[in-house]
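The values are calculated or read from the model by the stated rules, or taken from the named source; none is laboratory data. Since the model is a prediction, treat every value here as computed from it, not as a measurement. As a convention, Cβ positions derive from the backbone with ideal geometry for all residues, glycine included, and neighbour counts pool all protein chains shown. Accessible surface is based on the protein model in full, side chains and every heavy atom, while ligands, DNA and RNA are left aside. Shrake-Rupley method; radii C 1.70, N 1.55, O 1.52, S 1.80 Å.
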4 protein chains.
Amino acid sequence: MSINSFGHLFRVTTWGESHGPALGATVDGCPPGIPLDEAAIQTFLDRRKPGQNRYTTQRREADKVEILSGVYEGQTTGTPIQLMIRNTDQRSKDYGDIAEKFRPGHADITYWQKYGIRDPRGGGRSSARETAARVAASGVARAALASLMRDLRITGYMTQMGPHATDRSRHDMDQIARNPFWCPDPVTASEWEGYLDGLRKSGSSVGAVIEVVASGVPAGLGAPVYGKLDTDLAAGMMSINAVKGVEIGEGMQAAALTGEQNADEITMGPDGPIYSSNHAGGILGGISTGQDVVVRFSVKPTSSILTPRATITRGGEATQIVTKGRHDPCVGIRAVPVGEAMMACILLDHLLLHRGQVGDGPRGRIG
Amino acid sequence: MSINSFGHLFRVTTWGESHGPALGATVDGCPPGIPLDEAAIQTFLDRRKPGQNRYTTQRREADKVEILSGVYEGQTTGTPIQLMIRNTDQRSKDYGDIAEKFRPGHADITYWQKYGIRDPRGGGRSSARETAARVAASGVARAALASLMRDLRITGYMTQMGPHATDRSRHDMDQIARNPFWCPDPVTASEWEGYLDGLRKSGSSVGAVIEVVASGVPAGLGAPVYGKLDTDLAAGMMSINAVKGVEIGEGMQAAALTGEQNADEITMGPDGPIYSSNHAGGILGGISTGQDVVVRFSVKPTSSILTPRATITRGGEATQIVTKGRHDPCVGIRAVPVGEAMMACILLDHLLLHRGQVGDGPRGRIG
Amino acid sequence: MSINSFGHLFRVTTWGESHGPALGATVDGCPPGIPLDEAAIQTFLDRRKPGQNRYTTQRREADKVEILSGVYEGQTTGTPIQLMIRNTDQRSKDYGDIAEKFRPGHADITYWQKYGIRDPRGGGRSSARETAARVAASGVARAALASLMRDLRITGYMTQMGPHATDRSRHDMDQIARNPFWCPDPVTASEWEGYLDGLRKSGSSVGAVIEVVASGVPAGLGAPVYGKLDTDLAAGMMSINAVKGVEIGEGMQAAALTGEQNADEITMGPDGPIYSSNHAGGILGGISTGQDVVVRFSVKPTSSILTPRATITRGGEATQIVTKGRHDPCVGIRAVPVGEAMMACILLDHLLLHRGQVGDGPRGRIG
Amino acid sequence: MSINSFGHLFRVTTWGESHGPALGATVDGCPPGIPLDEAAIQTFLDRRKPGQNRYTTQRREADKVEILSGVYEGQTTGTPIQLMIRNTDQRSKDYGDIAEKFRPGHADITYWQKYGIRDPRGGGRSSARETAARVAASGVARAALASLMRDLRITGYMTQMGPHATDRSRHDMDQIARNPFWCPDPVTASEWEGYLDGLRKSGSSVGAVIEVVASGVPAGLGAPVYGKLDTDLAAGMMSINAVKGVEIGEGMQAAALTGEQNADEITMGPDGPIYSSNHAGGILGGISTGQDVVVRFSVKPTSSILTPRATITRGGEATQIVTKGRHDPCVGIRAVPVGEAMMACILLDHLLLHRGQVGDGPRGRIG
């Protein structure tokens, strides 16, 4: 039981601090014989990379991944894959202020209370920089899924920024890559631009909602009752920095529905069951139905803002704090590829877990 | 890695089906020397017991717990505690209909697709009856917490039923025990009465939102980054039958806030830090702050309803299904003690995990 | 991480004390659709049952197993299987003496030092009676292996009692069932009879060496480097009460060999590689070779003897102790079916683990 | 459940191949606030380093460790510690021969059969070079133990090489560092010199027995029944390359003893119980007694020898193989610091596990 690991059989352990020499992921349990190289992983890291536009942190990191083990002549060997990313833009600066004061809404105070020591440089281990390691690990998962779950397509996007939600009738997945917000609604995307510029200039920040959809997931994945697919997705998404809520399908809105409204009626299609709707988000009883797996999570606004906030020092004295320097006005933007990464890792893990216990593929035939 | 277990050091494995001879929980890792008897556990089971009023299933189960191991002369010995509950009211009835047809919104179809076999009697392993085992296990956790976290108080209640939410300005925790809904708002509670009677008579069902608050939790619990306290709470609550969303503190609403709004400002109190608000829900960076830990989850409406729904048979033929017999119009009601149970087990687990790695209590002093 | 569990995917948690109401095993991760009933499990329990001849404890236990969950209409469902064995012959007697004094060579003192409480009745959790739960669990493993590893044959036997070892040139596996010692050498078996009668009458006890051989194990099982097949076998056998040494193949004698002597030369047979010898015990680099898997372990003499031994009381006062009542003069006898049980559980676990990561069967073809 | 990890709370995951760019250990769960730097870890690595005398492999590796995370200003922070060792002496050579042929007694064939791919360069993941990562991880464990188990002293040494065993009456721990064999018996050490020179010159190899003793271990460590201290030690030692047998205390010889001989009688000393002997090897019922913890393991001769051995190619054709190049005539020599390393890691892990469940120190008082 490692507290910095997730996954049952496809097991990812991340390590590293924001301003240490490097960070990375130790990936254990990958199937052998999977084609893999650094370029394939880099693709995913580049989607998450900081400094790509004016809405994300201006830290300049190449986020260049190195494979240190587990791959031989371009294929995985079944042994642990070590992925390392060197930190290059750790500005030498004075951390005196945030080393002595606790930022409200930040993990500064709890790391101190728990461990009695903390690395204040850039948030140390509690920095969102840790998510680069998850994204790197997901590059391995994606390579394996390319062989093992051929129809899989994972799509992440932002559906709300601050009080401004997208209009689902305008959602067009081709739009996601055409704006800096991963927004599927082009009208909302252009509204967000002005809104976020305003927040950025005033040194403020705002929260967001991210949705990640996986299509092409076979029925039968998920291990009831404490290794359910939705249980692991909830844990996976909640473990991402700044996430405060996770929903599957209807999510919190399921509370408002009656049984009649919530029932996804079933008919028989040419290749198996077809559903009239997907309130369930593709998961029933913790097991995938074959429909799209739909997960949503909220990201709180970053605590690094220019408006002074009341706080205390380590010595217990009242003071105020202002966080200067580079930061993301909406950390939710960079959480999109991270949510996709967690989805990929968890789906592969459940595929391996399923074939371990049950054998290949879904087992009970219908029709 | 057991898929029917949760917890790192305080480890609970549940077993049993709705209509098998018995169900229960194997509880491993409990500290030794904790006073424990069946009566203490029974108190918690009785809160969850079916058939207590007209709003919950009319199945009559004594839910009588037996301690089969791990306790000697009224104290835990540090060895596994086996808790068994005999099933007594498994009506001998014909399950032909639900054995052959899949209920929309129910795990019938996914268990079949995964395993190629399923126990159709009362939902088998996917029945909410499994939660009795969690509640029994929580009785052990509560006994240990009585010694190890003396100020702890866990309070669960319902804040929404269907479209009807409580008014937080009227919340009064003393009201919770005075209505059949665990509702802290007496005005809303009486509205729910008529609303749920209507649903019950028409054979319909409805969803709900449950909130569980733990006060008296010391700062420093939670193991970043994949054993975070909120990560484990999210997993724990999502693993409960019919749960579709989990929130910590502001939850999904955190998306709408700015950094200024979300900051819980800090001042120094006589016994440590004091916060101006609790948007964080008592957890920062996955570690408890010492404030109330606030978790919320949604429960979808049960799929067992009297209105016919389109579905298919195992043979793939189109048909309709109506679920007769006893069921809960709002399963959320009985989810309240289950949510409290998960909170208790997870808090104890994190206390043990913390003292394993760090030693007793929070470590970094302030002031 | 449960400390009373073993196995990665086929996960067994045992519970229960020697003189509590019951003991048993919670078996999680079993493949679905495996034919299973109580009679199949009982066969294995009966081999281990106490009181079958004058050389094992005279405690009279039916060791009747009940399946409480996880089986529906004679087949496993993929959900946890709870196996319970009621204790029936817990003699009401005065444990005053061994409750106050520590038996030299027994876990009395360490359980006390660790937990500050111990169940002195029959040794509580440290009793060899715990092994009945392992044997019951192995009945489930055997049922699954009957489908998944059809050529498997597991044979356990005793090769040494006290200073008297068998002569390997006389080993005949058909002899094992024909004497009360599971001895494959009929000459030695008859010598042991007189030797053990003498020890039994004088209230003494003696150690033993057990060998367990599994033939029909496919090549490719074992997960380097900390889930190696030999690593898990070493842990599994060492976890049996009274075991003090574990060997694979040549075991401790491998130290005396040169590289030339130790090399199992390879030639090509009709169905794959053939080896000139089996010094490796069927495992290279932690992975099965397809040869017989050969494990050996020593069992120390039971500490319950009639000769007085110097010890101390809980209060720290010098005293002497004599253990009256029923006991085994050679606990190694009943360890034979226990060793076979561990072998079965571990082989199934590794089969599932292998197909989880790699897919079905060995993967690299030769020839 | 990572298959390349060991430990419950102090969790070590090793990664890397013999001839890849680097190898290392991800160490999770270390207590915070422990003074640690690279020099402290290097001390242990230097003891294991190849090429230190003519009896170990002539590969020249600096084995220079880098700490990439988890340490801030010279102290552990409680977050994962990544230890990396660059491989520097990977000779560019032709692996054609061993890439195509399987060495008898080597993991070549089983890695191939399991994974269908293997890294043949220097044995890839199955190389003894993996043990450098364990030794590095033990440097972290030692640093924590220096605070948490102050009286601990771990001593490893060789007691047998080929057929030549030491004479225990001549054992003198001060001799261990004075010969290249970690031999406590100076007479035997000088005999081994000639013996091993002969083997080395003829390109042969030989096995060995290593003993590791830990004194100063408090009573109460070990988690029955599947996380016993001896269970974890057996697994830990068996997971080391080439180990074929593990013994605790009397080990396999316990079989030959009677209950009277095996009883370690107890008297009361000034600081607690005192034992007349230590047949138990410091562990009863899986829990430490406070006596010396004594573990012994055998190491088989390396399979790399100059005498041709019959084998087959990947294509299944009969051939012969000779292993040229640098290798260890007695790999047991370098296994001594590795055995010490496993002891250190396992003892720290059990200390944390104990204080997680039970609190600090042994609990039941005597006297």
Hey, among the residues in the stretch D:175-190 that are closer than 19 Å to D:Thr56 by Cα and outside any loop (DSSP other than H, G, I, E, B), which one's most open to solvent (accessible area, probe 1.4 Å)?
D:Arg178
Working only within the stretch A:335-367, note down all residues that are modelled with pLDDT under 95 and either farther than 30 Å from C:Cys30 by Cβ or among the β-branched types (Val, Ile, Thr) (or both).
A:Ile366
Looking at the stretch A:290-330 only, could you name the residues that are open to solvent by 10 Å² or more (accessible area, probe 1.4 Å), among the β-branched types (Val, Ile, Thr) and under 30 Å from A:Leu221 (Cβ atoms)?
A:Val294
Just to verify a result, which residue in the stretch B:334-367, among those that are surrounded by fewer than 24 Cβ atoms within 10 Å (Cβ to Cβ) and among the small types (Gly, Ala, Ser), is nearest to the chain's Cα centre (by Cα)?
B:Gly361
Could you go through the stretch C:13-27 and let me know if any residue there is without any contact (Cβ under 8 Å) to a residue 24 or more places away in the chain and open to solvent by 10 Å² or more (accessible area, probe 1.4 Å).
no
For residues that are part of a strand (DSSP E or B) and within 11 Å of chain C (Cβ to nearest Cβ), tally how many sit in the stretch D:1-53.
8
Among what's in the stretch C:200-231 and is in a helix (DSSP H, G or I) and more than 7 Å from every other protein chain (Cβ to nearest Cβ), pick the residue that is modelled with the highest pLDDT.
C:Leu229
Are any residues in the stretch D:147-169 open to solvent by 30 Å² or more (accessible area, probe 1.4 Å) and touching a residue at least 40 places away in the same chain (Cβ under 8 Å), and if so, which ones?
D:Ser147, D:Leu148, D:Arg150, D:Asp151, D:Leu152, D:Arg153, D:Thr155, D:Gln160, D:Ala165
For a quick check of your reading of the model, give me the residue pairs whose first member lies in the stretch A:253-268 and is on the phi < 0 side of the Ramachandran plot and among the polar types (S, T, N, Q), whose second is part of a strand (DSSP E or B) and surrounded by fewer than 19 Cβ atoms within 10 Å (Cβ to Cβ), with beta-carbon atoms closer than 9 Å and at least 6 apart or on different chains.
A:Thr267/A:Ile274; A:Thr267/B:Ala310; A:Thr267/B:Ala318
Residue check, B:Leu36 modelled with pLDDT of 95 or more and in contact with a helix residue (DSSP H, G or I) (Cβ under 9 Å, 6 or more places away or on another chain)
yes
Here are some conditions: (1) more than 9 Å from chain D (Cβ to nearest Cβ); (2) within 30 Å of D:Arg355 (Cβ to Cβ); (3) modelled with pLDDT under 95. C:Arg118 meets all but one. Which one does it not meet?
(1)
Checklist (1) open to solvent by less than 20 Å² (accessible area, probe 1.4 Å); (2) modelled with pLDDT of 95 or more applied to D:Asp172, failing item
(1)
For the stretch A:191-208, what are the residues that are open to solvent by 60 Å² or more (accessible area, probe 1.4 Å) and either of a type in the set (A, V, I, L, M) or closer than 23 Å to A:Gly339 by Cα (or both)?
A:Glu193
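Being within 7 Å of another protein chain (Cβ to nearest Cβ), β-branched (Val, Ile, Thr) and open to solvent by 40 Å² or more (accessible area, probe 1.4 Å) is the filter here; which residues of the stretch D:243-280 pass it? Walk me through it before giving the result.
Within the stretch D:243-280, the subset within 7 Å of another protein chain (Cβ to nearest Cβ) is D:244-252, D:254-260, D:262-268, D:273, D:280.
Those left that are additionally β-branched (Val, Ile, Thr): D:246, D:248, D:258, D:266-267.
Listed by number, the list holds a single entry, D:Thr267.
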Which residues, counting only those in the stretch B:232-242, are over 28 Å from B:Gly361 (Cβ atoms) and either of a type in the set (Val, Ile, Thr) or at the interface with another protein chain (Cβ under 7 Å from one of its Cβ atoms) (or both)?
B:Met238, B:Ser239, B:Ile240
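Got a number for residues in the stretch D:69-83 being free of Cβ contacts under 8 Å to residues at least 24 places away in the same chain, part of a loop (DSSP other than H, G, I, E, B) and surrounded by 20 or more Cβ atoms within 10 Å (Cβ to Cβ)?
2
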Would you be able to tell me the number of residues in the stretch D:94-125 that are part of a loop (DSSP other than H, G, I, E, B), on the phi > 0 side of the Ramachandran plot and buried (at least 24 other Cβ atoms within 10 Å of the Cβ)?
1
